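Below is one structure; the comments refer to it alone.
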Amino acid sequence: MRSGEDFIVAGRKLSTGVLVGTLLATWIGSGSIFGSAGLAYDKGLPALWFDAGVWVAIVVLYFVAGRVRRFAQFTVPDILEARYNKYARLLGTLVTVIAYTAIVSYQFRAGGLVLNFVTGIPRESGIIITALFVIGYTVLAGMISVAYTDVVNGIIMTLGLFLTLPFLVHSAGGLSGIAAALPASHFQVFGDLPVSEALGYSCATMLLLLGEAGMYQRFFSARDERIARKAVLGWVCGTIVLETLIVLLAVAGSARFSGINPEMVLLYSVKEALPLAVGCLSLAAIVAVIVSTADSFLLVPATSLARDIYQRFINPRVSPSGLVRFSRAAVILLGILAYLQVSFFSRVLEMAIYAYTMYGVGITPVLLAAFFWRRANGPGAVSSIAAGMLTTALWELLGKPFGWPTVYPALGLSLFCLVGVSLATRKPDESKWRPFMGQGVVAEIRP
């Protein structure tokens, strides 16, 4: 694989089925298997609020996917420079690296938990093994191999989750046994999950997905605009089904197992409540989820460093093979950075919400404004990205003052800067916004 286009966007030749498979396998990761499931163990069906924002986001993406593919770019920062300026591109790359290495980090953590639970090896050793495997696979694969492997992983994941549910419900005493074992709040709309917290989860996941660079990179990989849009329809259906299945499994598991680490509920279910064959398939599904998400979220920031920093500003004349070599080196560097973050948070859910918020408030407002608001300009975009990124980091360091979820102040300041600064400064040239409104074609940003 010598072509940068092959490594980064799979030669722009992915079909609808492959695109749906890789979108599903990428999004359903350890944030769902451990974070969302752990929340469902504690709170019951109200944990679906963690996923509700995703379903809304995918509907919005249906109207964006075709336009994104038409641009035939490579990365989200490509879009930011075409619509705004090079400083938006630089800040967008920085936010992507920070948020995505955090997401990869908790995939490594989840892999260590699985290996420790199944084999008994020390968790730290399991994390190292997971990290080495993911880094090595991503270095060798690139987008085209990752995408086709994701399809296989997606099939395994779907079969494993569907087969697990009836066995686990039966093991927990059936529907009546589950209802009797759990508090009524587990089956209410919000239950004992505060409304502000529930909406905070929804907002964070929605914002991440609306701007998620890996999804845009897959849209760039589609064969054409029509396939990109069709894939989103399959993706929304699959995501609703699979994420609901995960929550239902965790609720059944909470009735079956008491006093365990909430984030381990699906692992306990696989080990203790299933026949051997089904348990093995379900375990394979969990491993597939972790690997698919980790390699995808590792490839995106590596691509961004190669394309948006190295080629754009350092070595504009780099050859296609040289760009691939730099991308592979970036995968290794970012994988090490992700590993170093493993101990920063105590739970997968905490790491997920931090990463979702960092990216969602930093990138998503300016990215959506690029497609839907003509008045958005470079100064507004740059100030918005900076405000979202810095507020997220500061609010987390201060321990979330007043008990407010980080997404609220961070999103508020990001939007305030985007709108306020854009209106207070010069209008963008028509050539900047017209192609993003479906009225032209964006010229490729060339070094």
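See the values below:
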{"read-out": "Number of the exception - THR101 against (1) in contact (Cβ under 8 Å) with a residue 60 or more places away in the chain; (2) among the hydroxyl-bearing types (Ser, Thr, Tyr); (3) farther than 30 Å from TRP433 by Cα; (4) surrounded by fewer than 20 Cβ atoms within 10 Å (Cβ to Cβ)", "value": "(4)"}
{"read-out": "Residue among ALA370, ALA386 that is at pLDDT below 95, farther than 19 Å from TYR201 by Cβ and assigned to a helix (DSSP H, G or I)", "value": "ALA370"}
{"read-out": "Residue match in the stretch 389-402 (condition: over 20 Å from PHE34 (Cα atoms), under 21 Å from the mean Cα position of the chain (by Cα), small (Gly, Ala, Ser) and not in a loop (DSSP other than H, G, I, E, B))", "value": "yes"}
{"read-out": "Residue in the stretch 170-193 that is under 24 Å from the mean Cα position of the chain (by Cα), modelled with pLDDT of 85 or more and either over 20 Å from LEU48 (Cα atoms) or in a helix (DSSP H, G or I) (or both) present", "value": "no"}
{"read-out": "Single residue of LEU248, LEU276, LEU299, LEU281 found to be closer than 27 Å to ALA102 by Cβ and not polar (S, T, N, Q)", "value": "LEU299"}
{"read-out": "From the options SER304, SER254, residue that is more than 21 Å from VAL152 (Cβ to Cβ), at pLDDT 85 or above, assigned to a helix (DSSP H, G or I) and under 25 Å from the mean Cα position of the chain (by Cα)", "value": "SER304"}
{"read-out": "Hits in the stretch 257-272 (condition: hydroxyl-bearing (Ser, Thr, Tyr) and part of a helix (DSSP H, G or I))", "value": "TYR268, SER269"}
{"read-out": "One residue from LEU276, LEU299, LEU248 being over 27 Å from LEU132 (Cβ atoms) and buried (at least 16 other Cβ atoms within 10 Å of the Cβ)", "value": "LEU248"}
{"read-out": "Residue among ASP51, ASP42 that is among the acidic types (Asp, Glu), more than 21 Å from ALA306 (Cβ to Cβ) and at pLDDT 95 or above", "value": "ASP42"}
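The values are calculated or read from the model by the stated rules, or taken from the named source; none is laboratory data. A quick note: this is a predicted structure, and the numbers were derived from the prediction, not measured. All Cβ positions, even for glycine, are placed from backbone atoms using ideal geometry, and neighbour counts span all protein chains on display.
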